[in-house]
């Protein structure tokens, strides 16, 4: 259950990062509210997962999911560059996160 909660929390990290960008410095109400709700859910889920998982592993997985998710969102939805180098770096992050899960 802790791993599922951690993955969902990592996805909410992607949501709050994207909403923060769209809020334009908290100048837009709806993205600002989405940011706050997603942030609370993300942090709460991480806190819940840390009851059972080692902090180093859980935090790295949470950040990895958020980082990869946010980068993919930027490429797909915002037209950011999707170069081979960027994609290989994202694959390296996913491999590292998977390695942490496998070795824990």
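Laboratory data are not the source of any read-out in this text; all were calculated from the coordinates shown. Every value quoted in this text rests on a predicted model; they were computed, and no experiment measured them. Cβ coordinates were reconstructed from backbone atoms using ideal geometry, including for glycine residues, and neighbour counts include every protein chain displayed.
Assorted remarks:
- Extended-chain gain in nm, criterion 0.36 nm per residue less alpha-carbon gap, residue 26 and residue 86: 18.7 nm
- Here the calculated FRET efficiency for residue 37 and residue 3, from their Cβ-Cβ distance with R0 = 25 Å, stands at 0.65, rounded to the nearest 0.05.
- Per-residue extension of 0.36 nm, minus the Cα-Cα distance of residue 103 and residue 59, leaves a gain of 14.4 nm for this segment.
- Value of relative contact order over the chain, rounded to a whole percent, pairs C-alpha under 8 Å and six or more apart: 33
- Highest average packing first - 60-72, 16-28, Cβ atoms within 10 Å: 60-72, 16-28
- For segment 50-104 and segment 1-46, distance of Cα centres in Å: 16
- Helix-only CD estimate at 222 nm, as mean residue ellipticity for the chain, using -39500 (n - 2.57) per DSSP H run (n ≥ 4): -28500 deg cm²/dmol
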